[in-house]
Amino acid sequence: TRRAPAAAELLKELTTVGISAPLAAELTSELPDGIAFEDAKRRVLAQLARRLAVTGDELLDRGGRVVFVGPTGVGKTTGIAKLAARWVMRHGTRHIALVSLDDQRFGAEEQLRALGRLLGVECYTLADASELPQLLSRLPDCRMVLIDTAGVAPRDPVLESRAAALNDIVARIGAQCWLTLSAGSQSAVLEESMQRFSVFKPAAALLTKLDEAASLGGTLSALIGARLPVSYVAEGPRIPEDL
């Protein structure tokens, strides 16, 4: 505290907002002695930003095929709705399709179908992911395909077998898996979700419910620790505004 008071105060602030102790120590360890607090804060925020990977807006610019996975109730369907609405606003309704593989949550399919009707977008419901290649072969002009899946508890014993089956199909159709995470979850829950859902080989994370998070330190620490890029963040329920 006497040698580097700014670093000590900043270390306290970082841990207060939920940044993990090892990451906070790493961020402050390289600060020079005698640095002013505001300068130290700017340096640490820049380091934090460099460590957090992001994808940019490539999906909504160029399109793609994305399968959304994640725990139950984190906002996968709502996130898809926001992305679909943004795509339609930029590119129109001709080259987009919505697909639901969620036959477990009551009303999930109808929620996506209602969105499709509202946007004027085709929506398809499949009983099994194995039907995806055949469906997409009939949609060669679709530049954007957003695929909803049923939520799975991180400790569900069927998680690994489901991931193995889905990964094979994702590779066949040239798609990516995105892990949907709620920023309102505790950092330990987020870390466990990232660890267990890593069997899906997610290419990015869709971060939802920022408006429900008391702080984002734990979320940032978990994402940086997992080296998982952030694609989009959702900060409320409005479609398509809160994205």
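Between G92, G73, G79, G63, which is open to solvent by less than 50 Å² (accessible area, probe 1.4 Å) and at pLDDT below 90? Walk me through how you get there before you give the answer.
Working: G73 fails: open to solvent by less than 50 Å² (accessible area, probe 1.4 Å); G79 fails: at pLDDT below 90; G63 fails: at pLDDT below 90.
Only one candidate passes the filter, namely G92.
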Self-check item: The one condition in (1) touching a residue at least 40 places away in the same chain (Cβ under 8 Å); (2) open to solvent by less than 50 Å² (accessible area, probe 1.4 Å) that G225 fails to fulfil
Solution: (2)
Exercise. Test A204 against the stated conditions and say whether it is out of contact with any helix residue (DSSP H, G or I) (no Cβ under 6 Å at 6 or more places or on another chain) and modelled with pLDDT under 85.
Key: no
Quiz item: more than 22 Å from R227 (Cα to Cα), modelled with pLDDT under 90 and buried (at least 18 other Cβ atoms within 10 Å of the Cβ), is that true of A6?
Solution: yes
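Tally time: how many residues in segment 1-12 are among the charged types (D, E, K, R), closer than 18 Å to L48 by Cβ and in contact (Cβ under 8 Å) with a residue 12 or more places away in the chain? Steps first, answer last, please.
First pass over segment 1-12, keeping only residues among the charged types (D, E, K, R): 2-3, 9, 12.
Applying the additional criterion that residues be closer than 18 Å to L48 by Cβ yields 9, 12.
Narrowing further to those that are in contact (Cβ under 8 Å) with a residue 12 or more places away in the chain: 9.
Matching residues across segment 1-12 total 1.
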Quiz item: Name the residues in segment 176-193 that are closer than 14 Å to I147 by Cβ and open to solvent by 20 Å² or more (accessible area, probe 1.4 Å), would you?
Solution: Q176
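Being within 25 Å of R227 (Cα to Cα) and surrounded by 15 or more Cβ atoms within 10 Å (Cβ to Cβ) is the filter here, so list the residues in segment 27-38 that pass it. So that I can check it myself, show each step before the final result.
First pass over segment 27-38, keeping only residues within 25 Å of R227 (Cα to Cα): 27-31.
Scanning segment 27-38 gives L27, T28, L31.
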Quiz prompt | Selection from segment 130-165 of residues that are touching a Leu at 6+ places or on another chain (Cβ under 9 Å) and either on the phi > 0 side of the Ramachandran plot or aliphatic (A, V, I, L, M) (or both) | solution = L132, L135, M144, V145, L146, I147, A150, V152, A153
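Which ranges mark the strands (runs of 3 or more DSSP E) fully within segment 34-127 that have 3 or more residues being in contact with a helix residue (DSSP H, G or I) (Cβ under 6 Å, 6 or more places away or on another chain) and in contact (Cβ under 8 Å) with a residue 60 or more places away in the chain?
Hits in segment 34-127: 64-69.
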Quiz item: Checking K41 against (1) under 21 Å from F200 (Cβ atoms); (2) surrounded by 12 or more Cβ atoms within 10 Å (Cβ to Cβ); (3) among the charged types (D, E, K, R), which single condition isn't satisfied?
Solution: (1)
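The values are calculated or read from the model by the stated rules, or taken from the named source; none is laboratory data. Every value quoted in this text rests on a predicted model; they were computed, and no experiment measured them. A quick note on method: Cβ atoms are made from the backbone with ideal geometry, for glycine too, and the neighbour counts reach across all protein chains shown. Note: accessible area is taken over every heavy atom of the protein model, side chains too, but ligands, DNA and RNA are not part of it. Shrake-Rupley method; radii C 1.70, N 1.55, O 1.52, S 1.80 Å.
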